[in-house]
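Colleague: A single structure is presented below for examination.
Values in this text are rule-based calculations from the coordinates and carry no lab data. Just so it is clear, the model here is predicted, and its values are computed rather than measured. Neighbour counts run over all protein chains shown; Cβ positions are idealised from the backbone, glycine included.
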Amino acid sequence: MVKSGKLRSGTAQKIRRWKKGHSSDSNPETSRYRKAARSRYFSRPSEKSDLTVDALKLHNELQSGSLQRTLTEKTSGTFLSGLSDCSNLTFRKVQRYWESNSAAHKEICAVLAAVTEVIRSQGGKETETEYFAALMTTLEAVDSSESLAAVAYLLNLVMKRMPVAVLKKKFSETAKALIDIMSNQANSDSLSSLRWIISCLATLLRKQDLSVWSYPSTLQMYHGLLSFTVHCKPKVRKAAQQGVCSVLHYSDFMFSDNAPVHHPAAAATAKFCCKELEQSGGSKEDTTTLHVLGLLKDLLSALPLSSVKSCCETLLRVMTLSHVLVTANAMQAFHKLFSSKPNPASMSAELNAQIITALYDYVPSENDLQPLLAWLAVMEKAHAHLSSLQSSLSIGHLPRLFTVTMSCLLSPHTQVVSAATQTLKTLLNECVAPHMAEIGSVLPNTSVGNGACILKMFRIVEEGLSYRFHASWPFVLQILGCFYRAAGKHAHPIMIKSLQSLSDLRATPQFPFSGELDLAVGSAVESMGPEVVLKAVPLLITGTDDDLEFPRSWLIPVIRDHVKNTQLAYFTSYFFPLANKLKQTADELEQSGQNLIAKVYQTLQMQIWTMLPGFCTKPTDLLASFKGIARSLGMALNDRPDLRLCICQALRTLINKSCETEEEKAELQRFSKNFLPILFNVYSQQPKPGETASARMAVLDTVRVYLSITEQAMVCTFLQKASERLSGADNSEFTRLAVIDLIVAMAPFVDEASMTQTFSLIKPFVESKDSSIQKKAYRVLEEICGGESASCKAFVLQNLEKLKTMLMDSLTTAASSSKRPRLKCLIHIVKQLNEEHRDFITALLPEVILCTKEMSIGARKNAYSLLVEIGNAFVRFCGNTKDAINEYLSHVFIGLTGSVTMITCTVLALTRLVFHYKDTIDVSSLELLLQNVCLLLSSRTRDVVKASLGFLKVLLFSMDVKVLASHIMEGITNMNDMRRHFRVKLKNIYTKLIRKFGFELVKSMLPADQHKILVNIRKTEARNKRRKLVNKTEEDGSDTEDEKPKVKAERYNAWLKEGVSDEPLNFLDPKAAQRVLATNPNLKKACKTEHGFKMTSDGRLIIKEEKDDDDCKTKDAEMDDVLEEAGVKTVGRKMHEDLDDDDMDVNPAMKYKAGGIGIHRPLDRRPEFGTEYKSKGKGDVKKSGKCDPYAYVPLKKAQLNRRKKAKLQGQFKGMVRGAKKGARSGSKILKKRNA
């Protein structure tokens, strides 16, 4: 007998198994029945007609009625011919149904086809009016419910697009027909047609004039529509409710010039809703109540004032039922009413205030999560709307809400605390902050008016700093900070005590919420100003006999980060002397040998100086105070290198952000003659050891900013002096470079005559052999040619020939580091050239093309930009874009005949041009270009092949290349052994080709040695698709599975909270409604374990490997690659557009990032677990104070592979065997030692 049993591990995968869905592949080859069925699937049967019974009945009734037609047998026509070639766009939606298996969809298609044939036989033009007439006639003739539903559906579509005049003229006949059908179908078993008839009636009513609504018959029809809003069938009820809302909100006469404030039927609608609520409110069947509440959500804002009042009273009455869903829906109705911001004709301030007062009787318990959140949201919207109607009345109601909301901060639910905090912050920002200027100053003894309300509100919030609220202190601090911002400017006298309390809390050891407290105090600084805050909480730093703990030093960074819109004079009068005193104390302590304390004082004075930019941000007293500090700032710039960064930043802030008026600008301009020479001298000085290069850069930036507001004559004078200094023979190399930098900064702000002198001055430097000098000379030209001022543009036009000659003559002497500014200069010049300069542009092309391979990223970027600008110039010359681009490309093609470097650069240039002008290049030129590039793929030079593959990649990703696909395939096929160097690029190209043309076609056109790559791509694409599908399914599943059971559980459950201890519940208590809870009070809150992983809906952990994120590129990443290949986007360190790092002779920071093995290994990589126990010999190392080394089995995804089960079992056994052996040897050694 053959031994039976389980197969050995790994053999199960080798047995042939059927794939999923292919288990019937072993059937016989003869499948005549299948073939016969397949052949008849789309063919016409042998019977005379292929219409359904209902469609045939409709056809016969149409023949016997007024719309008679004669059918002519057409050999190519079918019964759906009228559908497939229907020319009316109204029925575009229907044309999707012809392949549907639904009987209702087939019936709709049959009816539309028949009606279309009727209209055509009568010589109609298939307009909406003709379809309306035909469908109305058909509506009265059909008997079956299926046909009636189909006709009603088509009628609903056509009535929305037909002329309004026809609907007005045929109103009575159409309405009567629709009402009759509604009455007949109301009690029938099939209600599929009723929803469409209701929609038709709503559309008809919406198109009528205002005068029609004065007739009782119109209101009677509308009441018929209203009666279906509480229908038991959801689709019918939804159609009726949408119809009523569309009639009241969007009737045509509501948008006319003489439109009424409210719809004439609005009051009748409100009465209907109130009546239905009163009739169904006390019964056990609460569905009608919920249906009416759902209708009221959308209608309350469209009702008149009296109706809104009666509806709100009814809503408040039904909320006394303490039914969870009824209360929730009523709250939603109130929320939508206030969120829609109705006009005073629908909601007066008095009614708004009455509703707010009434809602306090329905405050949920603080333990009832969802109802309390809903109540807070309603009250927030109600007060915000009341503030927009009458601000004083709104502020008068706020203290009571603040009291209730602050008590919510004691709730055990974090969501309630967060929602209460957000509610108070919103009320402060929307109801208090905009009206503080009207309220005026609020003092501690204010007892009347809105100021007293503000005082009461702040006292309520201030109470949150007591220990009772200690668990919610972060939220209380947020509210306090918001209160400071909203009212601190006018109400700071009542906030002094709270600031002192915050200071005491901050001084508490290990206070856990210091970050939130600092933000709250920062808000006070921002609104009240630093002077008020420091009077309440003194800094306690004088420079003499200070507490060396400096307990209030935390105020300095808070003021620095938040001070703005304040008095600059306060810095001059308080902080400036304090900083000088601290500096003096630090110097004295350093001389006496107390270096540590001196360092502390030095740090404090530096922190005080960092406040200066904040004080210079939109100061309120700039005109009066700047002159008092300007001289001190100039002296500090000259004498204190450590303060230059702060002072320069302050000056730039004053000029960029604070010069809002001409007077302020003139005040700063007045001191330019003092500040600019100081800045020039500071920048021209050799930096001392220890000084950072960033300080010099800050000085140069400040020079540029200050020059923008300086008078042109003064700038010309400064430029003249700089030119004289540059011409001097006794200057060092550093001084010359610094002076040229200053000339670069001044060049765009001088007049044309000074520019001409500057051009003559720097012309010899352009041909200098010193690359630094040459580069800065080109920078001067760049600033002059690219300036936006009138003098710059005039200079370029006047000296265009000189510029062209100089640039062409200096082509051979231009250093590599000068290419970036030289190309930028050429870009500005090419923009202003006309057709006379075509030869100059053509002569530039070789240099520009070669610069696409420059080492400098800025040079490459400018080269690509200049190529595009030259193309734009050719378009300007020719006028016809296609001819211009073809001519331009013909000039670029010449580069393909040059050296290897020239060929590579030409391909790169063509890649950029094809990407930019992809919409204007014709197919023939593109085909010729592609043939040449594909020939280059067979080159043995790696740079040429790399550039050619980049061209193909850009072409595939940016253009539709179906016509050119054969050339691409042929070029890739002809590649030699260079293929192995560009596997990633080829894989990207193959992926795009498979997406466009399909796997089989691409496979057939590529050699066999590339098929493995194609198979791998197909598997990767399928895997990515499956992952996306699984993720989407899990997200959808988590939404439905988590939410649906909750709704079902909350629908019918409510809990009654008993009294304290044995006290019985008093049902006559006005607050008894708060005892009815929608949340189980006995349900303990489950504590969630934070494990750092996401979870699926069924509780499984989602643990992703790091490489999973890198398996597939997103579309954005692919587009970034394409832009990089096309030269649009550069990858590398970011540079300032107009200033390189080496302009200031600053060595760039090291940008190399480790990655790889050996000397390239990353040194900051996290060590593997257990590496500290490894020894150079056998075994592990036992370390004192640490756990003993142990052997473990790592959890790896690969261990789930069934084929490797036997191997893994062997490894595990070996590990256990080794551990046992080590334990035995260890025990032997221990015994020997003990012996």
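Colleague: Within the set 275/381; 271/309; 275/341; 819/985, which residue pairs have Cα atoms separated by over 19 Å? Walk me through the intermediate numbers first.
Modeller: Details: 275/381 27 Å; 271/309 11 Å; 275/341 26 Å; 819/985 30 Å.
From the list (275/381; 271/309; 275/341; 819/985), the Cα-Cα distance tops 19 Å for 275/381; 275/341; 819/985.
Colleague: So what's Rg/Rh here for segment 368-469, counting alpha carbon atoms and using the Kirkwood radius for Rh?
Modeller: Dividing the radius of gyration by the Kirkwood radius yields 0.98.
Colleague: To two decimal places, what compactness ratio does segment 591-745 give when its Cα radius of gyration is scaled by 2.2 N^0.38 Å?
Modeller: Relative to the 2.2 N^0.38 Å estimate, segment 591-745 comes out at 1.14.
Colleague: Further, regarding this structure: Taking the Cβ-Cβ separation of residue 674 and residue 735 as r and a Förster radius of 25 Å, what is the calculated FRET efficiency to the nearest 0.05? Before the final figure, lay out each step's value.
Modeller: Values: r = 22 Å, r/R0 = 0.90.
Rounded to the nearest 0.05, the efficiency is 0.65.
Colleague: Can I ask one more? Using unit Cβ charges (K, R positive; D, E negative) and no other charged atoms, how large, in debye to the nearest 20, is the dipole of segment 560-679 about its Cα centre?
Modeller: The calculation lands at about 140 debye.
Colleague: How large is ³J(HN,Hα), in whole Hz, for each residue of segment 258-274 in order, when computed from phi with the Karplus curve 6.51 cos²θ - 1.76 cosθ + 1.60 and θ = phi - 60°, using x for Gly and Pro?
Modeller: So the Karplus estimates, Gly and Pro as x, are 9, 5, x, 5, 9, 5, x, 8, 5, 5, 5, 5, 4, 5, 4, 5, 4 Hz.
Colleague: Okay, next question. Testing the spin-label approximation: label points 7 Å from Cα along Cα→Cβ at residue 501 and residue 642. State their distance in nm.
Modeller: 4.0 nm
Colleague: Next up: Convert each backbone phi in segment 139-154 into a coupling constant with the Karplus relation 6.51 cos²θ - 1.76 cosθ + 1.60 (shift: θ = phi - 60°), then list the ³J(HN,Hα) values in order as whole Hz, x for Gly and Pro.
Modeller: 4, 7, 9, 6, 10, 5, 5, 5, 5, 4, 5, 5, 5, 5, 4, 5
Colleague: Would you please state which residues of segment 819-845 a label at residue 771 would reach in this model, taking the label point 7 Å out along Cα→Cβ and a backbone N cut-off of under 11 Å?
Modeller: 819
Colleague: Would you give the gap between the C-alpha center of segment 921-942 and the C-alpha center of segment 380-399, rounded to a whole Å?
Modeller: Segment 921-942 and segment 380-399 have Cα centres separated by 72 Å.
Colleague: Could I ask something else about it? Tell me, how many Å apart are the Cα centres for segment 806-837 and for segment 713-760?
Modeller: Centre-to-centre (Cα) distance: 22 Å.
Colleague: Taking the highest mean first, how do the peptides 569-582, 462-475 order by number of other beta carbon atoms within 10 angstrom per residue?
Modeller: 569-582, 462-475
Colleague: How much length, in nm to one decimal, is gained on full extension between residue 250 and residue 1028, taken as 0.36 nm per residue of separation minus their Cα-Cα distance?
Modeller: Stretched fully, the residue 250-residue 1028 segment lengthens by 275.9 nm.
Colleague: With +1 on each Lys and Arg Cβ and -1 on each Asp and Glu Cβ, and nothing else charged, work out how big the dipole of segment 213-326 is about its Cα centre, in Debye to the nearest 20.
Modeller: 300 debye
Colleague: Can you list the HN-Hα couplings for segment 159-173, worked out from phi with the Karplus curve (6.51, -1.76, 1.60; θ = phi - 60°), rounded to whole Hz and with x for Gly and Pro?
Modeller: 5, 6, 10, 7, x, 5, 4, 5, 5, 5, 6, 9, 4, 5, 5
Colleague: What spacing in nm lies between the two simple spin-label points modelled at residue 267 and residue 310, each 7 Å away from Cα in the Cβ direction?
Modeller: Modelled inter-label distance: 0.8 nm.
Colleague: Using modelled backbone amide H atoms (1.01 Å from N, in-plane), which distant-in-sequence or interchain residues come within less than 5 Å of residue 567's amide H?
Modeller: Those qualifying (amide H under 5 Å, at least 5 residues apart or on another chain) are 620.
Colleague: Still on this structure, please answer the following. Given R₀ = 41 Å, what would the calculated FRET efficiency be for residue 897 paired with residue 686, taking r from the Cβ atoms and rounding to 0.05?
Modeller: On the way: r = 52 Å, r/R0 = 1.27.
Calculated transfer efficiency: 0.20.
Colleague: So, one more: If you average the C-alpha positions of segment 764-778 and of segment 341-364 separately, how far apart do those two centres end up, in angstrom?
Modeller: 77 Å
Colleague: Now, a different point. How would you rank 735-747, 113-125, highest first, on the average number of other Cβ atoms within 10 Å across their residues?
Modeller: 735-747, 113-125
Colleague: With the cut-off at 25 Å, tell me which of the pairs 824/882; 992/1019; 775/946; 763/824; 599/657 have Cα atoms farther apart than that.
Modeller: Working: 824/882 27 Å; 992/1019 14 Å; 775/946 31 Å; 763/824 17 Å; 599/657 34 Å.
With Cα atoms farther than 25 Å apart: 824/882; 775/946; 599/657.
Colleague: What ranking, highest mean first, results for peptides 806-816, 291-301 when packing means the other Cβ atoms within 10 Å averaged over each residue?
Modeller: 291-301, 806-816
Colleague: If R0 is 51 Å, what FRET efficiency do you get for residue 321 and residue 561 from their C-beta distance, rounded to 0.05?
Modeller: Given R0 = 51 Å and the Cβ-Cβ separation, E is 0.45.
Colleague: Tell me, in nm to one decimal, what length is gained between residue 388 and residue 545 on full extension, where the rule is 0.36 nm per residue of separation less the Cα-Cα distance?
Modeller: My answer for the length gained is 51.0 nm.
Colleague: Extending each Cα 7 Å along its Cβ direction at residue 660 and residue 1206, get the distance between those two points in nm, one decimal.
Modeller: 8.4 nm
Colleague: So who's got an amide H within less than 5 Å of the one on residue 1006, skipping anything under 5 residues away but keeping other chains? H placed 1.01 Å off N, in plane.
Modeller: none
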